[in-house]
1. Just a yes or no: is a residue in region 5-28 at pLDDT below 95 and not aromatic (Phe, Trp, Tyr)?
2. Specify the residue that is farthest from LYS68 (Cα to Cα); the eligible residues are those in region 104-120 that are in a strand (DSSP E or B) and open to solvent by 40 Å² or more (accessible area, probe 1.4 Å).
3. Taking the condition of being open to solvent by 10 Å² or more (accessible area, probe 1.4 Å) and in a loop (DSSP other than H, G, I, E, B), how many residues in region 191-215 meet it?
4. Quickly run through region 65-82 and pick out the residues that are open to solvent by less than 80 Å² (accessible area, probe 1.4 Å), over 22 Å from ALA139 (Cα atoms) and under 33 Å from the mean Cα position of the chain (by Cα).
5. Of (1) over 25 Å from LEU208 (Cβ atoms); (2) in contact with a Pro (Cβ under 9 Å, 6 or more places away or on another chain), GLY279 satisfies all except one. Which?
6. With respect to PHE349, determine if the residue is open to solvent by 10 Å² or more (accessible area, probe 1.4 Å), of a type in the set (A, V, I, L, M, F, W, C) and either under 15 Å from GLY142 (Cβ atoms) or modelled with pLDDT of 95 or more (or both).
7. Within region 440-469, work out how many residues are in contact with a strand residue (DSSP E or B) (Cβ under 6 Å, 6 or more places away or on another chain), more than 27 Å from ASN407 (Cα to Cα) and open to solvent by 40 Å² or more (accessible area, probe 1.4 Å).
8. Among the residues of region 290-335, write down those that are in contact with a strand residue (DSSP E or B) (Cβ under 9 Å, 6 or more places away or on another chain) and assigned to a helix (DSSP H, G or I).
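The values are calculated or read from the model by the stated rules, or taken from the named source; none is laboratory data. All of these numbers come straight from a predicted model, not from anything done at the bench. A quick note on method: Cβ atoms are made from the backbone with ideal geometry, for glycine too, and the neighbour counts reach across all protein chains shown. These area figures cover heavy atoms from the full protein model, side chains too; ligands, DNA and RNA do not enter into them. Shrake-Rupley method; radii C 1.70, N 1.55, O 1.52, S 1.80 Å.
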Amino acid sequence: MVPKVTFSRADSLRGQLTALRSCYDVNYYHLDVKVDLEDRSLRGSNEFRFTAIEDFSRLQLDLFANLKVERIMYQGKELPFKREFNAVFVDFPEKIREGRKDSFTVYYSGKPTVANKAPWDGGMVFAKDPGGKPWVSTAVQGMGASAWWPTKDHLSDEPDSMLISVQVPSGLKNISNGRLRGVTEQADGYSRYDWIVKSPINTYNIALNIGDYVHLSDSYEGEKGTLSLDYWVLPSNVEKAKTHFANNVKPMLKSMEYWFGPYPFYEDGFKLIETPYLGMEHQSAVAYGNGYQNGYLGRDLSDTGWGKKWDFIIIHESGHEWFGNNITCCDIADMWIHESFTSYSEGLFVESMFGKKAGAEYIVGTRRQILNDVPIIGHYHVNKEGSGDMYSKGANMLHMIRAIINNDSKWRMILRGLNKEFYHQTVTSQQIIDYISKHAGMELAPIFEQYLQFTSLPKLEMIKKGSEIWGRWKTDVKDFSMPVRIRKKGAEYQFVTLSSGAYGPVKIKGLTLQNIEVDTTNFYIELAR
């Protein structure tokens, strides 16, 4: 039984794309913030440049209630606003007409939420490095960017570009997304770091990373030319970083570009930034905290041995540059688009390095983490993602879809095509499923529906009928149909398409209930006993 979940007005304000949000499209942000490390507080502003999608005189932006909106300026005058939970409603003196490009700036201050155990709970992380110097980062996926800066906090709207200006005490550095435009020394003992992001970016990806960083650089010759590689690490880890990143980053890029297409952010470069927490897929500024070791904190999540041959955080979080950052879900309920494909990318990486059999073994090995507790797709319009099964179950679902298509060249073109068709876009589950079905030439929607919206697996039921074996699927989805690979023990597998409801014949000569074998390596299903 899936537990019933109730939601509040605050949840709707956070997750609903109302007319007060959809009325304007953000084109550009300039976040300008000063970080007081002693007080653990922020003070700054964010400029919104937008295009009116329809006529409006009021809009919603977002900032957590524990942070104060000092004022909102528009054409030299303060705008009136009111707050409800973490939403801020702003009134303009005149109607903003459809198509108009305009801007306003929100000034704010306060103490942001401090994460207790990032990245699983969100907020800012205030730590000390081994040398005792401040080491500060952000991690707000799910929680939302408005936990530390004012923004339109909805995944459907990404700014086309952004300037991130962060003031930190002189002697420390701030590393954010994109490329460093410059460093300006301030009169009060602070330094301002200006980072420019030239690509669309979802707001939870915006990051600040403050520390006593050392810069390492390299480059990669990829599908779109030379990609800059920049690594920002603590002084005590420079030598480890040189070797460990060299062993992981370029092989990762080679594999991901082969399967998914060109790295999506050549304009902004690729960075790994050492952080005081495990990791996060911050666009062009991937957070890294896995301790320069292979596996996931030294463990193999698949328990096959393959997961100890590479650094999980580098491969997984970087994989999000394609699924999560290039292709972003419109609503966090569809977060499987990020996590299922990226978890699947781990198996593809293993395949690239060690062969197809090894990749399949890794993916199948991760089934041990699946709970089948609640549906993978969450609740729409309330900022609620679904089950953590979106990782391993989602990866096994995609592994199975590949087997069903039974054409690896076509499958690779589908994965690359997704990243081309939806380049730098926000999408829905339906768009992704429709694209895969269309280019596979198969109706795959019922299969996706069963795995994403229900907890039970398709159950394969087999009976003897006369001298033949007949089978069917037992599923939650009506009119379900799916091929599966079946064989007589010792023979070659054959594809047999069965449906829900009535039993159908399994036309394999000499097949009995005693000698039947089903391909459960490539098909994540339940067999009736």
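1. Looking only at region 5-28, we keep the residues that are at pLDDT below 95, and these are 5-6.
The next check asks that each one be not aromatic (Phe, Trp, Tyr); those that pass are 5-6.
Yes.
2. The selected residue is VAL114.
3. So the answer is 3.
4. Passing the criteria: GLU70, ILE72, PHE81.
5. (1)
6. Numbers: open to solvent by 10 Å² or more (accessible area, probe 1.4 Å): no; of a type in the set (A, V, I, L, M, F, W, C): yes; either under 15 Å from GLY142 (Cβ atoms) or modelled with pLDDT of 95 or more (or both): yes.
The answer is no for PHE349.
7. 3
8. GLY307, LYS308, PHE312, ILE313, ILE314, HIS316, GLU317, SER318, ILE332, ALA333, ASP334
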